1. Between PHE275 and ARG91, what is 0.36 nm times their sequence separation minus the Cα-Cα distance? Round to one decimal in nm.
2. As I understand it, the value is the acute angle between the Cα axis of helix 496-510 and the longest principal axis of the Cα atoms of the chain; what does it come to in degrees, rounded to 10?
3. Calculated FRET efficiency, SER321 and GLN52, Cβ-Cβ r, R0 51 Å, to nearest 0.05?
4. What percent do you get for the relative contact order of the range 392-525 when only Cα pairs under 8 Å and 6+ apart count?
5. Count charges around GLY256 for me, please; just the other residues with Cβ under 14 Å from its Cβ, Lys/Arg as +1, Asp/Glu as -1.
6. Classify the range 127-226 from the C-alpha gyration tensor, please: rounded if a/c falls under 1.5, else prolate or oblate depending on whether a/b exceeds b/c.
7. With axes computed from alpha carbons, what is the tilt in degrees of helix 262-272 against the longest principal axis of the chain, rounded to the nearest 10 within 0 to 90?
8. Sort the range 362-425 into rounded, prolate or oblate with this rule: let a ≥ b ≥ c be the square roots of the eigenvalues of the Cα gyration tensor; rounded if a/c is under 1.5, and if a/c is not under 1.5, prolate when a/b is larger than b/c, oblate otherwise.
Amino acid sequence: MATEPPFASYPSRVLLVLFAVALIMLRIDALAPPAFSIEEASAHDLQLAFRQNKLTSRQLTEFYLDRIGRLNPLLRGVIEVNPDARHQADRADRERKAKPHGLLSALHGIPILLKDNIATKDKMNTTAGSFALLGSVVPRDAGVVARLRRAGAVLLGKASLSEWAYYRSSRGPSGWCARSGQGKNPYNLSADPCGSSSGSAISVAANMGAVSLGTETDGSILCPSSFNSVVGIKPTLGLTSRGGVVPITPRQDTVGPMCRTVADAVHVLDVIVGFDPYDAKATREASKYIPRGGYKRFLKADGLKGKRLGIVRNPFFDNYSGTPVLKAFDSHFNTLRKQGAVLVDHLELANVNEIYSDASGEGVAMSAEFKLALNKYLRDLVVSPVRSLADVIAFNNKHKHAEKIDEYGQDLFLAAQATSGINETVKSARRNMDRLTRDGFEKLMRQNKLDALVTPGSAVSTVLAIGGFPGISVPAGYDKDGVPFGICFGGLRGSEPTLIEIAYGFEQATKIRRPPSLMQCDRHLDVGPSSCV
Ligand SMILES: *[C@@H]1O[C@H](CO)[C@@H](O)[C@H](O)[C@H]1NC(C)=O
Ligand SMILES: *[C@@H]1O[C@H](CO)[C@@H](O)[C@H](O)[C@H]1NC(C)=O
Ligand SMILES: *[C@@H]1O[C@H](CO)[C@@H](O)[C@H](O)[C@H]1NC(C)=O
Ligand SMILES: *[C@@H]1O[C@H](CO)[C@@H](O)[C@H](O)[C@H]1NC(C)=O
């Protein structure tokens, strides 16, 4: 007798039964009321769930702590969690019962991760990822953290980063810091997560926190946002305080939200903007840009209508010629037009080659400014193993192995240490950047009456950085390796309201973000620990 092929007779009956069971389950799934899913929930969804008693801030915090416990050993987006997070969540739950909801901020009870260069005066360390600052005691919360606490946010933990916000070494990989190791891109573990706010992007992308803060000096919010399919807002210089942030240069440093949606990022922005006596000059100057009633009213579905968007092909798009990125953007341009935007194509940005060369002066100025700014930050600490850039360099040489000094070096530190203040060369570098900005971006925007410049990825970051201009990165697609890329809308100082309308309009018309497939499990709170990874 011939043996039957394995899928006939008995096995086929099993398959039939399985098929029927699957059908019944699907049907039950369709009939049951949708369970509340924390993963991918927006701050708005979470507030609604709080008010409807479907969720407490404590449960939400436990959910993220559990997820960090399971996913972070692989992804390394979080350096440490806050031992007081549960306590803060309980307090938020009590406050919610006592107060009518109209009086609570959109971030009340919402767990947020902070890049590890943003100071918190609590049980957490603030180290910029380096062992050199472990055990240091900061004088006070960073200005943005004080605002988050007042808003009732739960400080969930510190996000990893490219060490020292990528200003120790030009050789180190992005997403690496000594305290946390190599952060991973959750969309493709062998891909670059980009930096320096790598952990902030990785963590919200993989649902290890509701929202996060990053910092940018030149690309550090926009690039990881692009590479991890999240929304990043790099605000106008001074709109958000740099007080209590481990600095690179006050001339360019900014703090901004990194979140899964434009709306979430805008809710975070609304909480963190404003004057801070510890960053008085810049925050006072930029306060004039803050609209009455905040930014959330610019979340308009028809936000693209009538907006003039500029396109500079060389170098921003030419750099992507022959890649799927360029093809995706052709389709995005059509979408933008369909949504009512006017595209002004084939523009030129004056001196763009100089802006992207050493001749711009950015590197020269930054090096001298970093030494002064870091030394001041270190001097102001209450307790610290290191009190100057020279101390940090010596620390690294003493802890070569832990800090991987032989592998990655500390060339940017050494160059900065060799500078001697703001001399004529630095002043001239600053004047040059002002000229490049005036003749370049400002002229381009004004002459063409543009609302924003549209660019792929984060390549435009230097243009925005040297002029103190804002930009928003929104998910725009995935390349052949599954690695995300973003679209960036950049504008003149204080143009956040317009950029938010544009970014939200684009996001709502495209909805490109999807969670990394590695994470597609544990959709609901009632599902216990499982083997995601
Ligand atoms: C901060 O660092 C110290 C080591 O100096 C460590 O004992 C402590 O657990 C860290 N704090 C957190 C919240 O991880
Ligand atoms: C200013 O300092 C830089 C190092 O930051 C140095 O290269 C340059 O030669 C100095 N310029 C003058 C005019 O002393
Ligand atoms: C374009 O690509 C070149 C070569 O890889 C690179 O040097 C340059 O910085 C890129 N320009 C921008 C704006 O990304
Ligand atoms: C991840 O990227 C690598 C290239 O860096 C590629 O070979 C691999 O196929 C990608 N993995 C996935 C799942 O797309």
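Every number here is computed from the coordinates shown, using simple stated rules; none is lab data. Predicted, not measured: the structure shown is a model, and the values here were computed from it. Methodologically, a virtual Cβ is constructed for each residue, glycine included, from the backbone with ideal geometry; neighbour enumeration extends over all protein chains shown.
1. 63.6 nm
2. 30 degrees
3. Given R0 = 51 Å and the Cβ-Cβ separation, E is 0.50.
4. With pairs under 8 Å counted, the relative contact order is 18 percent.
5. Here the count lands on -2.
6. Verdict is oblate for the range 127-226.
7. Helix 262-272 sits at roughly 50 degrees to that axis.
8. Note, shape of the range 362-425 comes out oblate.
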